[in-house]
Amino acid sequence: MTRKIAVLPGDGIGPEIMDQAVKVLKALGEDFEMEFADVGGVAYAHHGHPLPQATLDLAKAADAVLFGAVGDFKYDHLERALRPEQAILGLRKALGLFANLRPAKCFAELTQASTLRPEFVSGLDILIVRELTGDIYFGTPRGRRQAPDGHFPGALEAFDTMRYTVPEIERIAHVAFEAARKRGRKVTSVDKANVLETSQLWRDTVTEVAKNYPDVTLEHMYVDNAAMQLVRAPKALDVVLTGNIFGDILSDEASMLTGSIGMLASASLNDKKQGLYEPSHGSAPDIAGKNIANPLATILSAAMMLRYSFDMNEEADRIEAAVQKVLSEGIRTGDIMSEGCRKVSCSEMGDAVVAALG
Ligand code: NAD
């Protein structure tokens, strides 16, 4: 079965890191059809828009999108709709990507990069599953008005609306439970049900969905406690399921436990398992074109694509094991370099992962 991948390298270090991920995918010897297209600043420069129609059509027709990074300060003067970063929002909307998956995995060899003591993070492996299209970021009504009541009636006030429907909660909960089945079989659902109606509905709905997954353990946690547990005992967590605003904050907190931005993969999925896979970092214009960027976040994003869009767990394991092997051999790009290790370029790191695939 041929799997069609839309490859969108983008700007800055995007093309360099994408070359390495493509090299690794090709080395697996599987039946992938990869088609490249412009996105971001380079797309604006070539076609006058950061997400040209041809790129959008390709992404829609593909089984998955592998995305590098977009953005460059030279496009900062453009009106918002034409800025490179708008391409990501456009793709999310067009593909209906409602589930954001961000692993925070700390390789034993890189624990010194974390601000936490090694014993807290060595072997850490969390997956944050964040709802991406609802919650207070999109809820209406919202706006400004004269306060009708409250502490200062008549004063200018602003307001937003937190809201979730049952089907929205159900579909993200299913993503989390399915993901847990591919990992440690535990879901921690994070909410603020002691205060918020939205969170109480969230908790009730997740509890119902859990009945379909008797092999997965469910626990509920208040968001303030979750923020504490992430730095107190992060290794006790496996899959963390949460809404848009709590997930926004907790996923950044979790990712920083690992300390190294060049290692962090991410995925956004829709209900057809179509996904957009990208490193969590940006286009790093300061190091672009120098062949020194760390390609591992992009390579690990490709592994996520195999696991979550293609159900190719064995091949995903092979890539992750190869990355592990390369690190244990002391091979490092500059950003994760430490004493006694061998410093390599971006392309040499890609070659090393290919060689470690065995
Ligand atoms: P950035 O993530 O691009 O870079 C932050 C720092 O981390 C820089 O010093 C950079 O050199 C370093 N870095 C990032 N990725 C690295 C890698 N793979 N290997 C080694 N070092 C790496 O963030 P920024 O500098 O704030 O933003 C640069 C541009 O990227 C901006 O235009 C921003 O809008 C855009 N951006 C895009 C995305 C995306 O495409 N999803 C995400 C964040 C920022």
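The values are calculated or read from the model by the stated rules, or taken from the named source; none is laboratory data. Computed from a predicted model, the values in this text were never measured in an experiment. Glycine gets a Cβ as well: all are built from the backbone with ideal geometry, and neighbour counts include every protein chain shown.
Of all residues in the range 277-290, exactly one satisfies the criterion of being away from the ligand (no atom under 11 Å from the Cβ) and either buried (at least 24 other Cβ atoms within 10 Å of the Cβ) or not small (Gly, Ala, Ser) (or both), namely TYR277.
One line per residue, one yes/no per condition, for (1) closer than 30 Å to SER338 by Cα; (2) crowded, with 23+ Cβ neighbours inside 10 Å; (3) free of Cβ contacts under 8 Å to residues at least 40 places away in the same chain:
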residue: ARG80; (1), (2), (3): no, no, yes
residue: ALA87; (1), (2), (3): no, yes, no
residue: GLY96; (1), (2), (3): no, no, no
residue: ARG117; (1), (2), (3): yes, no, yes
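Just one of the listed residues (SER266, SER251, SER260) is under 26 Å from ARG3 (Cβ atoms) and either within 16 Å of the ligand (Cβ to nearest atom) or of a type outside the set (Lys, Arg) (or both), and it is SER266.
Can you tell me which condition ASP335 does not meet? The list is (1) outside any helix (DSSP H, G or I); (2) within 14 Å of the ligand (Cβ to nearest atom); (3) not β-branched (Val, Ile, Thr), and all the others hold. For ASP335, the failing item is (1).
As for the range 150-160, it holds at least one residue that is under 24 Å from VAL223 (Cα atoms) and among the hydrophobic types (A, V, I, L, M, F, W, C). So GLN274 ticks every box in (1) buried (at least 18 other Cβ atoms within 10 Å of the Cβ); (2) more than 16 Å from the ligand (Cβ to nearest atom); (3) more than 15 Å from the chain's Cα centre (by Cα) but one. Which box is left unticked? GLN274 satisfies every listed condition except (3).
Considered as a group, the residues in the range 40-59 that are within 15 Å of LEU78 (Cβ to Cβ) and hydrophobic (A, V, I, L, M, F, W, C) include one that is farthest from the ligand (Cβ to nearest atom), and that residue is ALA45.
Listed here are the residues, each with its yes/no results for (1) outside the structural domain of VAL7 (by TED's automatic domain parsing); (2) aliphatic (A, V, I, L, M); (3) modelled with pLDDT of 95 or more.
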site	(1), (2), (3)
ILE299	no, yes, yes
ALA321	no, yes, yes
GLY334	no, no, no
LYS343	no, no, yes
ALA355	no, yes, yes
